[in-house]
Amino acid sequence: MTTTPVLVAENVVKELGSGAGLVIALKGVSLELVPGELTLLMGPSGSGKTTLLSILGCIMAPTSGTLTIAGQQIAGLGPEELAKIRRDHIGFIFQSYNLFPTLNAIENVRIALDVRGITGFAATSRAEEVLRDVGLGHRLTNYPGNLSGGEQQRVAVARAIASSPDIVLADEPTAALDSENGHAVMALLSRIAKEQQRSVLAVTHDPRTLGYADRVVRIEDGKIVGEERRPEGLNAPEITDLTKRRKIHA
């Protein structure tokens, strides 16, 4: 496995609001993502999970601290340059799927390729390939309204990985799914991390996801407070409880 981080966040601080309404959502967060790992970011509501995910995805800028993606410093980049970073290096998976209801599965995946300049037969061929890879070869022309929740999320996963991004960021990917589909999506994300050597980070409250994680990062009150790593020799989904925690002191 390549151990060189594809993403490095150092001492990230994010302030929201101003004056009496100022909230410090992140208080010096440092985090690295390496290829081949599925990392879970877990913490209570209001802990800063979503804010951190937005910063790592170059959607929101930190107040201070540094973010490096694929060797490039993000500080000072303009909107077009940030959009290029997202296009070239990051795939997003959302809790609510964010599929276009008037487009079928292939067309929903093709959108992610079109914005990257991949069009025509090449885009259709790639969309079909990734949909088959996530187990939807029999649903290529189905519209979201004719797909189950688990199938819609797999279309969303296919869309996120279609352009072969270095990093896949998932926001509560199992929250809207039943147990069977939740496990299926997590197994898929784990396989993508291992077989395709992607860095996959999932924000989640869902304890069902623990068995699939290579690493669990805990965040509370805007700070990283602990980290758990899969014991040597265990493979997902054999782990059901990562109880040994290494405390990180601020």
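Screening residue 156 on (1) surrounded by 24 or more Cβ atoms within 10 Å (Cβ to Cβ); (2) touching a Gly at 6+ places or on another chain (Cβ under 8 Å); (3) in a helix (DSSP H, G or I) shows it passes everything except condition (2). Scan the range 74-99 and report the pairs whose first residue is free of Cβ contacts under 8 Å to residues at least 24 places away in the same chain and over 27 Å from residue 174 (Cα atoms) and whose second residue is in a loop (DSSP other than H, G, I, E, B) and among the aromatic types (Phe, Trp, Tyr), with Cβ atoms within less than 8 Å and a gap of 6+ or a chain change. Correct list of pairs: empty, since none qualify. Say whether the condition of being over 28 Å from residue 8 (Cα atoms) and within 18 Å of the chain's Cα centre (by Cα) is met by at least one residue in the range 98-106. Within the range 98-106, one or more residues are over 28 Å from residue 8 (Cα atoms) and within 18 Å of the chain's Cα centre (by Cα).
Of the residues 159, 191, which single one is without any contact (Cβ under 8 Å) to a residue 12 or more places away in the chain and closer than 30 Å to residue 85 by Cα? So that I can check it myself, show each step before the final result.
On the way: 159 fails: without any contact (Cβ under 8 Å) to a residue 12 or more places away in the chain.
So the residue among 159, 191 that is without any contact (Cβ under 8 Å) to a residue 12 or more places away in the chain and closer than 30 Å to residue 85 by Cα is 191.
Annotation: residue 140 fulfils all but one of (1) assigned to a loop (DSSP other than H, G, I, E, B); (2) farther than 26 Å from residue 37 by Cβ; (3) within 21 Å of the chain's Cα centre (by Cα); (4) aliphatic (A, V, I, L, M); the unmet one is (3). Quick one: in the range 31-68, which of the residues that are small (Gly, Ala, Ser) and closer than 23 Å to residue 88 by Cα is surrounded by the most Cβ atoms within 10 Å (Cβ to Cβ)? Residue satisfying both the conditions and the ranking: 57.
Regarding the range 21-43, can at least one residue be identified that is charged (D, E, K, R), at pLDDT 95 or above and within 16 Å of the chain's Cα centre (by Cα)?
Taking the range 21-43 first, the residues charged (D, E, K, R) are 27, 32, 37.
Keeping just the survivors that are at pLDDT 95 or above gives 27, 32, 37.
Of the ones still in play, those that are also within 16 Å of the chain's Cα centre (by Cα) are 32, 37.
Yes.
When the criteria are applied in full, residue 28 fails the requirement of being buried (at least 19 other Cβ atoms within 10 Å of the Cβ) and either touching a residue at least 60 places away in the same chain (Cβ under 8 Å) or of a type in the set (Asp, Glu) (or both).
Can you say whether residue 118 is under 19 Å from the mean Cα position of the chain (by Cα) and of a type in the set (Val, Ile, Thr), as far as the supplied structure shows?
In short, no.
Residues in the range 101-123 that are at pLDDT below 95 and under 25 Å from residue 181 (Cβ atoms): 111, 112. Looking only at residues in the range 68-100 that are in contact with a strand residue (DSSP E or B) (Cβ under 9 Å, 6 or more places away or on another chain) and over 27 Å from residue 114 (Cβ atoms), the one that is modelled with the lowest pLDDT is 75.
Residue 146 passes every criterion in (1) of a type outside the set (Asp, Glu); (2) in contact with a helix residue (DSSP H, G or I) (Cβ under 9 Å, 6 or more places away or on another chain); (3) at pLDDT 95 or above; (4) over 30 Å from residue 52 (Cβ atoms) apart from (2). The helices (runs of 4 or more DSSP H) falling completely within the range 1-119 that include 1 or more residues that are over 18 Å from residue 223 (Cα atoms) and of a type in the set (Asp, Glu) map to 79-89, 105-114. Among the residues examined, residue 118 qualifies as surrounded by fewer than 24 Cβ atoms within 10 Å (Cβ to Cβ), more than 23 Å from residue 10 (Cβ to Cβ), in contact (Cβ under 8 Å) with a residue 40 or more places away in the chain and among the β-branched types (Val, Ile, Thr).
Answer with yes or no whether residue 87 is charged (D, E, K, R) and buried (at least 17 other Cβ atoms within 10 Å of the Cβ). Here the answer is no, as residue 87 does not meet what is asked.
The values are calculated or read from the model by the stated rules, or taken from the named source; none is laboratory data. As the structure is a computational prediction, the values presented were derived from the model and not from experiment. Because the Cβ atoms are built from the backbone with ideal geometry, glycine has one as well, and the counts that use them run over all protein chains shown.
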